[in-house]
1. Quick test of your reading of the structure: residue 143 fulfils all but one of (1) crowded, with 16+ Cβ neighbours inside 10 Å; (2) modelled with pLDDT of 90 or more; (3) in contact with a strand residue (DSSP E or B) (Cβ under 9 Å, 6 or more places away or on another chain). Name the failing condition by number.
2. For region 131-156, how many residues are farther than 19 Å from residue 31 by Cβ and either of a type in the set (Ser, Thr, Tyr) or in a helix (DSSP H, G or I) (or both)?
3. What number of residues within region 48-57 are loosely packed, with under 13 Cβ neighbours inside 10 Å and touching a helix residue (DSSP H, G or I) at 6+ places or on another chain (Cβ under 7 Å)?
4. Kindly indicate whether any position in region 155-165 is at pLDDT 75 or above, within 23 Å of residue 87 (Cα to Cα) and under 15 Å from the mean Cα position of the chain (by Cα).
5. Among the residues of region 86-128, how many are part of a helix (DSSP H, G or I), in contact with a helix residue (DSSP H, G or I) (Cβ under 7 Å, 6 or more places away or on another chain) and either within 16 Å of residue 19 (Cβ to Cβ) or of a type outside the set (Gly, Ala, Ser) (or both)?
6. Are there any pairs with C-beta distances below 7 angstrom linking a residue in region 93-114 that is closer than 18 Å to residue 158 by Cβ to a residue that is among the basic types (Lys, Arg) and in a helix (DSSP H, G or I), with the two at least 6 apart or on different chains, and if so which?
7. Any residue in region 44-65 that's modelled with pLDDT of 95 or more: show its pairings with residues that are in a loop (DSSP other than H, G, I, E, B) at Cβ separation under 6 Å, as long as the two are six or more apart or on different chains.
8. Identify the single condition in (1) at pLDDT below 95; (2) under 18 Å from residue 117 (Cα atoms); (3) surrounded by 13 or more Cβ atoms within 10 Å (Cβ to Cβ) that residue 3 does not satisfy, given that it satisfies every other one.
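The values are calculated or read from the model by the stated rules, or taken from the named source; none is laboratory data. All values derive from a computational prediction rather than experimental measurement. Because the Cβ atoms are built from the backbone with ideal geometry, glycine has one as well, and the counts that use them run over all protein chains shown.
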Amino acid sequence: MQPNREKVILTGFMGTGKTTVGRLIATLLEYEFVDTDELIEMRHGPITEIFKRSGQDRFRELESAIAVELADATGTVIATGGRMMLDPENAANLAAGAHVFCLVARPEDIAERVAGSDRPLLDHEDPAARIEQLLDERHAGYSEFRAVDTSGREPVEIAADIVRQVQQAHNNRTPVDPSSTAPSMPRGLRAMLASWRRYRARGRR
């Protein structure tokens, strides 16, 4: 289904599910998918090495260049790095004509999801405390965007929720009221959600 050819932007803290959910949204909308961190790594090497070799400022420069490059993208779902959309210039470049969603999750869920991963910003003696600190620092910036909670929810359910909101915004030609009643789930989304639940149920046996 292709309700329009605009952009869907996913922002939010690391471990909130931007890449996983973004790929599902792209599949459902028949859009292209871009993960900005993956794009940077493909061109410049691992993010951890960029931080070690050139520092965080260099990484932010690379993010800004990607934001300019993708500014005119259409029919694309873009999963951004956790801080990328908190930069006003990046947000201005990417958000124009786009549906922007901020994925959120409980700090304890984030800590569990990123445990064992190589995250430069969590290179800290107490990663859980560092997560809390960063979330607090970024709260005001993230709150500028429409929030979608991912804690305790399956990725395909989250993706279906966002697709419904994109469809509703397109149909109404007005911003979506998050408190409003969502339109019914299309048959294709219902089938995907049912399939995902069957898969998860088999995995728990």
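1. In the conditions (1) crowded, with 16+ Cβ neighbours inside 10 Å; (2) modelled with pLDDT of 90 or more; (3) in contact with a strand residue (DSSP E or B) (Cβ under 9 Å, 6 or more places away or on another chain), residue 143 misses (1) alone.
2. 15
3. Residues that pass the stated criteria total 0.
4. No, every residue in region 155-165 fails to be at pLDDT 75 or above, within 23 Å of residue 87 (Cα to Cα) and under 15 Å from the mean Cα position of the chain (by Cα).
5. Going through region 86-128 one residue at a time, the tally reaches 12.
6. Listed pairs, sorted by first residue: 103/18.
7. Listed by first residue and then by second, the contacts come to 63/81.
8. Looking at each condition in turn, residue 3 falls short on (2).
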